[in-house]
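A quick write-up on the structure given underneath.
The values are calculated or read from the model by the stated rules, or taken from the named source; none is laboratory data. None of the values given here were measured: they were computed from a predicted structure. We place every Cβ from the backbone using ideal geometry, glycine too, and count neighbours over all the protein chains shown.
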């Protein structure tokens, strides 16, 4: 995957509909003295799939970790539905309505599918958990029917594709308004990648969950995204509406093999 050179940096701001769900404003994140994110700003609106593209080492996973409270930014703001969350820890951010599917899935392999799903709702207040848990389970089964037949099976015995479904289902059990998915296509066969992307689009359209899709597989991500940011060396170097970004010769050459 190539790079977008400094001379090719552009910002094509298309019309974006829906309420502002997430605003990241000037975030910088460090690991020790090494800077992983440099003044990153982006937005996600309601009922919108926003793709974050970039090669390995671009800072995509650091962005997700910063958003979800696993890494603290040194400066900048993260605003979810009008509330600053950049100083909050992971379980507090989940309660505010932001959930994550990590790149490594991080399932509890010795626990059953049902137990993993139920743990997804663990951070919710008791009253909310009792109210939404049954509905959330039905949502997960409508998206990933295979999981309903695997409820007593240990997570570690599932196939790679089924584990990705379970990780996605567990995140949805937290009743999120915003879902960040880090490299959901990783390790999946091409047919399963297409199915996963279609499911992510359904989650956004049918369940009104805004989606931040972090992907190295640009071709797959661009098939479902509404808006796109390109991240390189910790910086946003290009942004725009999906159809405009796809038409860019720079993107064609650097990310789509054009």
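Look at residue 171 and say whether it is assigned to a helix (DSSP H, G or I) and loosely packed, with under 13 Cβ neighbours inside 10 Å.
Numbers: assigned to a helix (DSSP H, G or I): yes; loosely packed, with under 13 Cβ neighbours inside 10 Å: no.
Here the answer is no, as residue 171 does not meet what is asked.
Under 6 Å between Cβ atoms, which residue pairs at least 6 apart in sequence (or on different chains) link something in the stretch 43-63 that is over 20 Å from residue 196 (Cα atoms) with a partner that is surrounded by 17 or more Cβ atoms within 10 Å (Cβ to Cβ) and at pLDDT below 95?
58/231; 58/232; 59/231
Given the conditions (1) farther than 23 Å from residue 208 by Cα; (2) at pLDDT 95 or above, report the number of the one that residue 4 does not fulfil.
(2)
Filter the stretch 209-231 down to residues that are farther than 24 Å from residue 80 by Cα and in contact (Cβ under 8 Å) with a residue 40 or more places away in the chain and give me whichever is surrounded by the most Cβ atoms within 10 Å (Cβ to Cβ). Walk me through how you get there before you give the answer.
Filtering the stretch 209-231 down to residues farther than 24 Å from residue 80 by Cα leaves 216-220, 222-223.
Now drop any that are not in contact (Cβ under 8 Å) with a residue 40 or more places away in the chain, which leaves 216, 218, 222.
Working: 216: 19, 218: 23, 222: 21.
Of everything passing the filter in the stretch 209-231, 218 is surrounded by the most Cβ atoms within 10 Å (Cβ to Cβ).
If a residue must be outside any helix (DSSP H, G or I), surrounded by fewer than 17 Cβ atoms within 10 Å (Cβ to Cβ) and touching a residue at least 24 places away in the same chain (Cβ under 8 Å), how many such residues does the stretch 153-168 contain?
Within the stretch 153-168, the first condition is being outside any helix (DSSP H, G or I), and the residues that meet it are 153-154, 158-159.
The next check asks that each one be surrounded by fewer than 17 Cβ atoms within 10 Å (Cβ to Cβ); those that pass are 153-154, 159.
From the residues that got through so far, the ones that are touching a residue at least 24 places away in the same chain (Cβ under 8 Å) too are 153-154.
Adding up the residues that qualify gives 2.
Looking only at the stretch 115-136, count how many residues are within 18 Å of residue 167 (Cα to Cα) and either under 20 Å from the mean Cα position of the chain (by Cα) or part of a loop (DSSP other than H, G, I, E, B) (or both).
Within the stretch 115-136, residues that are within 18 Å of residue 167 (Cα to Cα) and either under 20 Å from the mean Cα position of the chain (by Cα) or part of a loop (DSSP other than H, G, I, E, B) (or both) number 9.
Among the residues of the stretch 31-90, how many are touching a helix residue (DSSP H, G or I) at 6+ places or on another chain (Cβ under 8 Å), part of a strand (DSSP E or B), crowded, with 20+ Cβ neighbours inside 10 Å and modelled with pLDDT of 95 or more?
Residues that pass the stated criteria total 8.
Residues being part of a loop (DSSP other than H, G, I, E, B) and surrounded by 20 or more Cβ atoms within 10 Å (Cβ to Cβ): count how many of those fall in the stretch 91-104. I'd like the intermediate steps shown before the answer.
We begin by selecting, within the stretch 91-104, every residue part of a loop (DSSP other than H, G, I, E, B); these are 97, 102-104.
Those still in the list that are surrounded by 20 or more Cβ atoms within 10 Å (Cβ to Cβ) too: 97.
Total satisfying the criteria: 1.
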